[in-house]
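The values are calculated or read from the model by the stated rules, or taken from the named source; none is laboratory data. Computed from a predicted model, the values in this text were never measured in an experiment. Cβ placement follows ideal geometry from the backbone for every residue including glycine, while neighbour counts extend to all protein chains displayed. Heads up: the accessible areas ignore ligands, DNA and RNA and are worked out on the full protein's heavy atoms, side chains in. Shrake-Rupley method; radii C 1.70, N 1.55, O 1.52, S 1.80 Å.
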Amino acid sequence: MARLDVVAVGELNPDLILGGMPGPPRLGREILAEHCAFTLGSSTALCAANLAALGLAVGIVGKVGKDAFGDFVVRCLGERGIDAGHVIRDAAVRTGITVSLAYPEDRAMLTFAGAMAQLTAAEVDRGCLASAKHLHISSLFLQRALQPGCADLLRFAKAEGVTISLDPGWDPTEAWDAGIDDLYGLLDILFVNRVEAVALGKDADWRRAADRLARRVSILVVKGGPDGAAAIQGENWEERPGFCVDAVDPTGAGDAFNAGFLFGHLAGWSPLTCLTWGNACGALTVGQAGGSGAFACRADVEAFIQSRIGSGG
C-alpha cells in the first residue's frame, strides 16, 4: 500500500450553505437567502481536501450511503485528489447532510447525521491506517459508533508509529464526554476553538480552560477565528493574530486552519509558523462559500502570507 502523509477518519457529508440572509429564521416566517452553494462538507473531508491542496498525499476513511449524496461526496473527494478507496458504501444507511446558515460573523448549522454516526472503529482499515505518517480525526461527538473503539484505534496507530491529531468539534448534546478523557494521552495535537476549550476545560475563561487542557495533551491548539490562534506545549504559549479579510462564509475555516497547521507541523516547522499557516488557510477560506477550494496549492497560501507579513516559512 502506498505511503500516505495523512489518513483522515471521520464523518462524510455534503453541505447546503445559504448566505446573505437579513437575520435568523423564525418559526412561521420565511426569509430569503442571496447565496446558495451545495458542496463537499464535513470537518474530516474539508481538512483532508485542504491538506491535499497543499500537496500532501491524503487518504480518507468514512461511511456514506449508496445514494445520491454519497455519490456526490465520493466524486468530490476524488476530484480533490484524495484516496477514497476506503470509504464504505452502505445501502442500509443514508448519507448525512448539514444545512449551514452563513453570516459574516459566524454560522448556524442543522445536521442530519445519517451515515456519519454509523462508522465503527472495527470498520477502519488497519492497513490504510498503518500506511500513514499521521492520523487526523474530526467531529468525535457526532460519531457515536466510533466513540467506543476510538481509544483502541489510536493505540494501534501509536504502535505503528503514526502521529495523531483530533478536532472533536461541537457536542450537540453538550455533555462533552464521548470517552474523550481516554484519548487525551494518546494525542500529539488537540484542536479546539475557544468555546470548545471552555466546555472541555471546565472553566468559563478560555485561557484558564486551555491551560488545564494543555496539561493533558502534547500540543493544544486553540482557534479564535479572526482573533488568531494559540499553540500551547507544556507551559509554553505561542500566539499569532488572525488576518483581516472580508468574510463571506465561515464554514470550514477551522478545518482549513487545521490543514495549514498540520502541513507545517508535519514539515517540522516552529509552532509560530504553523499558526501563521493555519490562520492564512482559515482566512482564505472565509472569503468564499464552502470549506474547500479557496487555495489550489501551497504557493497560493505562501503568496497570501507574503502579501501580509512577509515570508511564512
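Structure data summary
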| quantity | calculated |
| --- | --- |
| Within region 82-145, strands (runs of 3 or more DSSP E) holding 3 or more residues that are in contact (Cβ under 8 Å) with a residue 24 or more places away in the chain and open to solvent by less than 20 Å² (accessible area, probe 1.4 Å) | 97-102, 132-138 |
| Check on Ile60, open to solvent by less than 10 Å² (accessible area, probe 1.4 Å) and part of a strand (DSSP E or B) | yes |
| Failed criterion for Lys66 (all others in (1) open to solvent by 10 Å² or more (accessible area, probe 1.4 Å); (2) closer than 15 Å to Val87 by Cβ; (3) within 14 Å of the chain's Cα centre (by Cα) hold) | (3) |
| Residue ID - surrounded by the fewest Cβ atoms within 10 Å (Cβ to Cβ), chosen from residues in region 268-292 that are small (Gly, Ala, Ser) and in contact (Cβ under 8 Å) with a residue 40 or more places away in the chain | Gly287 |
| From Asp15, Asp5, residue being in contact (Cβ under 8 Å) with a residue 12 or more places away in the chain, within 22 Å of the chain's Cα centre (by Cα) and open to solvent by 20 Å² or more (accessible area, probe 1.4 Å) | Asp5 |
| Qualifying position, being part of a loop (DSSP other than H, G, I, E, B), touching a strand residue (DSSP E or B) at 6+ places or on another chain (Cβ under 8 Å) and over 30 Å from Leu154 (Cβ atoms), among Ala37, Ala33 | Ala33 |
| Enumeration of residues in region 19-41 that are open to solvent by 10 Å² or more (accessible area, probe 1.4 Å) and either hydroxyl-bearing (Ser, Thr, Tyr) or under 20 Å from the mean Cα position of the chain (by Cα) (or both) | Ala37, Phe38, Thr39 |
| Search result, residues across region 162-175 that are more than 8 Å from Phe141 (Cα to Cα), within 18 Å of the chain's Cα centre (by Cα) and open to solvent by 30 Å² or more (accessible area, probe 1.4 Å) | Thr163 |
| Residue satisfying condition, being open to solvent by 10 Å² or more (accessible area, probe 1.4 Å) and in contact with a strand residue (DSSP E or B) (Cβ under 6 Å, 6 or more places away or on another chain), within set Pro226, Pro250 | Pro250 |
| Residue match in region 202-215 (condition: out of contact with any helix residue (DSSP H, G or I) (no Cβ under 8 Å at 6 or more places or on another chain) and open to solvent by less than 30 Å² (accessible area, probe 1.4 Å)) | yes |
| Every residue from region 164-184 that is part of a helix (DSSP H, G or I) and touching a strand residue (DSSP E or B) at 6+ places or on another chain (Cβ under 9 Å) | Ile180, Tyr184 |
